1. (1) 2.82; (2) 1.31; (3) 1.07: which one is Cα Rg over 2.2 N^0.38 Å as calculated from this entry?
2. On a 0 to 90 degree scale, rounded to 10, what angle separates helix 71-82 from the longest Cα axis of the chain?
3. For TYR71 and PHE91, FRET efficiency with R0 = 22 Å and r from the beta-carbon atoms, rounded to 0.05?
4. Mean residue ellipticity at 222 nm from the helices of the chain, using -39,500 (n - 2.57) per DSSP H segment of n ≥ 4 over the full residue count, to the nearest 500 deg cm²/dmol?
5. Taking R0 as 41 Å, what FRET efficiency do you get between LEU50 and LEU20 from their Cβ-Cβ distance, rounded to the nearest 0.05?
6. On a straight-distance basis, which aspartates and glutamates could pair with LYS88 in a cross-link, Cα separation under 19 angstrom, same-chain partners fewer than 8 positions away excluded?
Amino acid sequence: MEREVFLLLIKKYLVFVPLLLIQYPLWIGETGWLDVWEKEKNLHSMEIDLNDDKKKLLEIKAEVRDFRDGYNSIEEKARYEMGMIKPKEKFLQLVVPNENP
């Protein structure tokens, strides 16, 4: 009787253990589902970064096009961002008094 129970247990484990061994690479292995989910998360974050970089690139291209198209954009940038003025040009700066002493 004990021998029959022992053989029955061995038969069960002979079926159960190979099923577990087959499942290991499917879930945890190098190309398993856990790895695939992690790579999908990385892909999503990379797509977001790529979209941000594309927006920045479009802004830079527009600025380059402005510089290439004319002298006016360079002059405007020099005047407003760097405070430059032309020779023999007068610069007037209006100072508004602060209402709160």
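Where a number appears in this text, it was derived from the coordinates with a stated rule and is not lab data. From a predicted model like this one, the values you see are computed outputs, not experimental measurements. Virtual Cβ from ideal backbone geometry, glycine too; neighbours counted across all protein chains shown.
1. Label (1) holds the value from this structure.
2. Helix 71-82 sits at roughly 90 degrees to that axis.
3. Values: r = 20 Å, r/R0 = 0.89.
The pair PHE91/TYR71 has a calculated efficiency of 0.65.
4. So the helix-based figure for the chain works out to -26500 deg cm²/dmol.
5. E(calc), rounded to 0.05, equals 0.55.
6. GLU75, GLU76
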